[in-house]
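Notes for the one structure printed next.
The values are calculated or read from the model by the stated rules, or taken from the named source; none is laboratory data. As the structure is a prediction and not an experimental result, all values here were calculated from the model. So basically every Cβ, Gly included, is an ideal-geometry build from the backbone, and we count neighbours across all protein chains shown. Note: accessible area is taken over every heavy atom of the protein model, side chains too, but ligands, DNA and RNA are not part of it. Shrake-Rupley method; radii C 1.70, N 1.55, O 1.52, S 1.80 Å.
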Amino acid sequence: MPELPETQTIAAILNKNLAGKNVLQVQISKDYKALPSTEIFIKAVTGKKIKSVKRVAKNILLELNNGVRILFHLAMTGRLLLWNEKVGSEKWVKIILHLDNGTKLTFSDMRMFGKAAVLSPKQTEELAARYGPEPLDKNTTPQQLFEKIKSKRTNIKNALLDQVVISGLGNIYATDALFLAKINPLTKTSEIAPEDTSRLLDAIREVLEESIKFGGSTLSDKMYVDPFGKEGTYQEHFKIYSKKNCPVCDGKVNFMKISGRGTYFCPACQPIISA
Ligand SMILES: [Zn+2]
């Protein structure tokens, strides 16, 4: 599933290529329902100019010149691709935006867990308010993260996946950040100390920034590609995710499912803190 670095990569490429372009025509597949309705979606978007493309948590927002935003959430199998005459066809296409420079943006979604919606300016504000602190925002402090973590009674791994605690983090980057911060994923949130969150926020920023530099992660399912069809390469730089041996101590890496999500940790480098 695309997490913050993949969504950020997509938004940056779309912003560079779509800002200032007009949407000439919108096509929506008959088996797909855009929100709030296909009819409203088409009416709100057709003939409008795209001002900018931004990321909010794991959502991609295209701001139009009428103040409306097009929201895409890719969930498990969603893809946004920029096509020109030279490119072949993509399967599972649900929405096509035809642009005035001859290109088109396609939204495809094999399993249809993703989302395409139009939002009013007020709904856009409400969306942003639903998410916790943005890790790459310089104004986000360890203290903020500490308070958010403390408000949840669970383990730290689950807490980091909660979008109210911190925005945009998913399974891979939470796993790698906990390893860099030397925190065991099963540690109860009640046992996390302020100095742990300071290390943790640094680690989160480090893995996210590194992954953005490598264009995100593309796993063996090849699901994630950027809008030009290019795979990310952060998977070649995983800190502990998917590894058998710890890159620091060479000990055997533990694998377990925490709330159904595959989690890797080194029991030697990430010992359980017990109160
Ligand atoms: Zn180790």
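Give the residue that is least open to solvent (accessible area, probe 1.4 Å), with candidates limited to residues of the range 64-75 that are of a type outside the set (A, V, I, L, M, F, W, C) and over 15 Å from Glu126 (Cα atoms).
Going through the qualifying residues, I end up with His73.
Residue check, Gly114 against (1) open to solvent by less than 40 Å² (accessible area, probe 1.4 Å); (2) farther than 25 Å from Leu61 by Cα, all met but one. Which one?
Among (1) open to solvent by less than 40 Å² (accessible area, probe 1.4 Å); (2) farther than 25 Å from Leu61 by Cα, Gly114 violates only (2).
Looking at Val225, Val207 in this structure, which one is in the same structural domain as Leu161 (by TED's automatic domain parsing) and within 19 Å of Lys157 (Cβ to Cβ)?
Being in the same structural domain as Leu161 (by TED's automatic domain parsing) and within 19 Å of Lys157 (Cβ to Cβ) holds for just one of Val225, Val207, which is Val207.
Could you list, in sequence order, all residues of the range 216-233 that are on the phi > 0 side of the Ramachandran plot and open to solvent by 20 Å² or more (accessible area, probe 1.4 Å)?
If the condition is that a residue be on the phi > 0 side of the Ramachandran plot and open to solvent by 20 Å² or more (accessible area, probe 1.4 Å), then Lys222, Gly229 are the ones that fit.
In the range 262-275, which residues are among the hydrophobic types (A, V, I, L, M, F, W, C), open to solvent by less than 60 Å² (accessible area, probe 1.4 Å) and within 8 Å of the ligand (Cβ to nearest atom)?
The answer is Cys266, Cys269.
Residue-wise test of (1) touching a Lys or Arg at 6+ places or on another chain (Cβ under 7 Å); (2) polar (S, T, N, Q); (3) at negative phi; (4) open to solvent by 10 Å² or more (accessible area, probe 1.4 Å).
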| site | (1), (2), (3), (4) |
| --- | --- |
| Thr154 | no, yes, yes, yes |
| Val165 | yes, no, yes, no |
| Gly170 | no, no, yes, no |
| Asn184 | no, yes, yes, no |
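Condition check: of a type outside the set (A, V, I, L, M) and free of Cβ contacts under 8 Å to residues at least 12 places away in the same chain. Does Glu134 satisfy that?
no
Farther than 23 Å from Lys150 by Cα and open to solvent by 50 Å² or more (accessible area, probe 1.4 Å), is that true of Glu195?
no
Quick check on the range 105-118. Is at least one of its residues more than 26 Å from Gly168 (Cα to Cα), part of a loop (DSSP other than H, G, I, E, B) and not basic (Lys, Arg)?
Looking through the range 105-118, none of the residues is more than 26 Å from Gly168 (Cα to Cα), part of a loop (DSSP other than H, G, I, E, B) and not basic (Lys, Arg).
Within the set of pairs 6 or more residues apart or between chains, which connect a residue that is assigned by TED's automatic domain parsing to the domain that holds Val165 inside the range 182-201 to a residue that is crowded, with 20+ Cβ neighbours inside 10 Å and of a type in the set (Ser, Thr, Tyr) with Cβ atoms less than 8 Å apart?
Pro185/Thr175; Pro185/Thr263
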